């Protein structure tokens, strides 16, 4: 079989179904990435969301029988929102990171990879394929970098010449021996804008991220946020775009190729106060199709409380007090107490004093005391 010809036909087909970039690489182990992951593990810089087995993350032959090559795909997503609503006093708004706008990208990329698989099988029935998006064993960025999709930037994102770093990545392992593409040369040069702008210093150095300090990771956790991170969160509800927004390679980049990626402005920038009392059903109906909903409403509600404190939104005090008094989740009650302390006022103070008498959870009580100390 002429695999060189087939590769060209596959590239053409990928374009016809809306894949913005495609690259090919070998199925050799990712030795450099393995060493980096071991170092990350030693430093306890991992998020905990990753596949735990580093061997599986870096050796395709452990998750696929006799792999011959890996296909990497990239889809460009929008970086600017049309008709974005503006928050104001009494109607403060939070923000979901750009990568969470529109339909969950996992579903979008899986559909594209399924179409690619079907095309491959029609052409070559003996083919075997295994596709994955983000939650698979392999490191998407390592595959994309080696397949020539882009280079791995200092902000730990894949940066493409065409679409900047605003791309979703997916890959497919196959038993077809495609000719590999050449990796792209690093083009970050001496620029350190992403490192300098990182709100929490999570970018330790170019290409090294301490996920435990990364706001994008922290917004997805379900426990109490440390004080140092609460004051850096701003109005972020899910994810963080800072290191991408300041990147010179992203200047002027904004592509709207895929209708399903277009954000609903009122979901991507939702009002904060209504989030505090949203039911599970309402949350799933409104936000369930977004990738930012994958951890449920609890982290979003906690982050909304922090954002309201950031704005010192006095109009939200009654709703925050309701959370403090009635919410069954200690993390929400405690964060509400902290938020009341930040916002201040007699109503907030009285609610905290009442909570001090009635609250039984030790962690929440600490937050109540902290809130009261902020009031003086």
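Each reported figure results from applying straightforward, stated rules to the coordinates on display, with no laboratory input. Everything numeric here is computed off the predicted structure, so don't read it as measured data. We place every Cβ from the backbone using ideal geometry, glycine too, and count neighbours over all the protein chains shown.
Structure notes:
- As a rough footprinting exposure proxy, the listed residues 370, 83 were ranked by other beta carbons within 10 Å of their own, and the order from fewest upward is 83, 370.
- Size descriptors for region 127-183: radius of gyration and Dmax over Cα atoms are 11.9, 37 Å.
- Counting 0.36 nm for each residue step from residue 197 to residue 2 and taking away their Cα separation leaves a gain of 65.3 nm.
- Percent of Cα pairs exceeding the 21 Å cut-off, where the set is region 1-88: 58 percent
- Exposure proxy ranking, count of Cβ atoms within 10 Å, fewest first, for 362, 32, 313: 362, 32, 313
- Packing-based ranking, highest mean first, of 13-24, 332-343 given that Cβ atoms within 10 Å are counted: 332-343, 13-24
- The angle separating the long axis of helix 297-311 from the principal Cα axis of greatest extent in the chain is about 60 degrees.
- Rounded tilt (10° steps) of 330-343 against the dominant C-alpha axis of the chain: 60 degrees
- Ranked by the mean number of other Cβ atoms within 10 Å of their residues, highest first, the peptides 38-44, 248-254 come out as 248-254, 38-44.
- Stokes-Einstein D in µm²/s, Kirkwood radius over Cα pairs - region 78-220 at 25 °C with 0.890 mPa s viscosity: 138 µm²/s
- Tilt relative to the chain, helix 3-16 - C-alpha long axis, 0 to 90 degrees, to 10: 40 degrees
- Radius of gyration over Kirkwood radius for region 19-153, both on Cα atoms: the Rg/Rh ratio is 1.05.
- When you count the other C-beta atoms within 10 angstrom of each residue and take the mean per peptide, 159-170, 129-140 line up highest first as 159-170, 129-140.
- Structure-derived Cα extents along the principal axes in Å: which label, when the choices are [x] 78, 43, 38; [y] 63, 42, 39; [z] 66, 50, 37: [x]
- Rounded to the nearest 5, the antiparallel percentage of DSSP beta bridges internal to the chain is 95%.
- Sorted from longest to shortest, the spans of the Cα atoms of region 251-356 along the three principal axes equal 54, 32, 18 Å.
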